[in-house]
Amino acid sequence: MTHDDQKTTHFGFQTVPEGEKAGKVHGVFTSVASRYDVMNDVMSAGIHRLWKDAMMDWLAPRPGQRLLDVAGGTGDIAFRFLKRAPGAGAVVLDMTESMLQAGRQRAEAEDMAASLEWVVGDAMALPFAANSFDVYSISFGIRNVTRIEDALSEAFRVLRPGGRLMVLEFSQLPNRMMQWAYDRYSFNVIPAMGQLVANDRDSYQYLVESIRRFPDQEAFAGMIRAAGFENVKYRNLTMGVAALHSGWKI
């Protein structure tokens, strides 16, 4: 057994060998793909749509830019980007084919087919040349990556000089009582919703646990800086339930 084989990481609140996490995450999203967008609306009362719009407002897409949206299977971010940037192009990359298939089946995908590519791939080993994209986005996906540092390094590599990283992810509320109340909702309600709407309690139990294991805003900003990005900033959304992080490849 090699040293790498002995490395472990978290899968929700479980500790698992690094080599097993990607397969487990793949299983989660294969299971929920057909109901993923519906569950996002149910879990957040539709607020995730406002968060994604806020992401686009801060990003301010420009005509002709090329976007790489990682873990973007259902297309939400790519569709928003292309609507705001005439002549732009977008590549949607996801490790789960069924998530990409769910995205392809949406009405927007047909309307924007000439500007869209769908690619199965790994955030830690992107199948693209260096300096290929103007914007790299990842929404509610980076916490599922086995080695976040590797994903951020790859983001830096494929961005052109002057390119921008934009991450939307669940985060931590700054007030302990508010965080306690939110945790009670997350752990007691969301898995039950997953069972009712998607017939899959375990996958949504994992998703809730993965949120709690993700670094807080300042810690994650530090990871982005360590990957080489500059002018790193973040904005809390809904008091910190989610956060937007931005960084530039200078």
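Please determine whether any residue of region 197-211 is out of contact with any helix residue (DSSP H, G or I) (no Cβ under 9 Å at 6 or more places or on another chain) and either crowded, with 17+ Cβ neighbours inside 10 Å or part of a helix (DSSP H, G or I) (or both). Break it down into steps so the answer makes sense when it comes.
Start the filter on region 197-211 by keeping residues that are out of contact with any helix residue (DSSP H, G or I) (no Cβ under 9 Å at 6 or more places or on another chain), which leaves none.
Within region 197-211 (the criterion being out of contact with any helix residue (DSSP H, G or I) (no Cβ under 9 Å at 6 or more places or on another chain) and either crowded, with 17+ Cβ neighbours inside 10 Å or part of a helix (DSSP H, G or I) (or both)), the answer is no, since none of the residues qualifies.
If I ask for residues that are surrounded by fewer than 15 Cβ atoms within 10 Å (Cβ to Cβ) and either at pLDDT below 95 or of a type in the set (Asp, Glu) (or both), which ones from region 115-143 would you list?
GLU117
Within region 146-167, is there a residue that is buried (at least 16 other Cβ atoms within 10 Å of the Cβ), at pLDDT below 95 and not charged (D, E, K, R)?
Yes, region 146-167 contains at least one residue that is buried (at least 16 other Cβ atoms within 10 Å of the Cβ), at pLDDT below 95 and not charged (D, E, K, R).
Please specify each residue of region 169-214 satisfying the condition of being closer than 23 Å to ASP69 by Cβ and either polar (S, T, N, Q) or without any contact (Cβ under 8 Å) to a residue 40 or more places away in the chain (or both).
SER171, SER203, SER210
Out of all the residues in region 36-49, which are in contact (Cβ under 8 Å) with a residue 60 or more places away in the chain and more than 15 Å from the chain's Cα centre (by Cα)?
Across region 36-49, the qualifying residues are VAL38, MET39, VAL42, MET43, ILE47.
How many of the residues making up region 52-90 are farther than 21 Å from VAL158 by Cβ and polar (S, T, N, Q)?
1
ALA109 passes all but one of (1) over 29 Å from GLU218 (Cβ atoms); (2) in contact with a Ser or Thr (Cβ under 9 Å, 6 or more places away or on another chain); which number fails?
Every condition holds for ALA109 apart from (2).
Taking GLY103 and the conditions (1) surrounded by fewer than 21 Cβ atoms within 10 Å (Cβ to Cβ); (2) part of a helix (DSSP H, G or I), which numbered condition does it fall short on, given that it satisfies the others?
(1)
For region 54-97, how many residues are in a helix (DSSP H, G or I) and either modelled with pLDDT under 95 or within 15 Å of GLY141 (Cβ to Cβ) (or both)? Before the answer, list the steps.
Within region 54-97, the first condition is being in a helix (DSSP H, G or I), and the residues that meet it are 54-59, 76-84, 97.
With either modelled with pLDDT under 95 or within 15 Å of GLY141 (Cβ to Cβ) (or both) added as a condition, the list becomes 55, 76-78, 97.
Matching residues across region 54-97 total 5.
Name the single residue, out of those in region 137-156 being among the polar types (S, T, N, Q) and part of a helix (DSSP H, G or I), that is farthest from the chain's Cα centre (by Cα).
Top of the filtered list is SER153.
The values are calculated or read from the model by the stated rules, or taken from the named source; none is laboratory data. What you see is a predicted model, and the numbers here were worked out from it, not measured in a lab. Please note: Cβ atoms are built from the backbone with ideal geometry, for glycine as well, and neighbour counts cover all protein chains shown.
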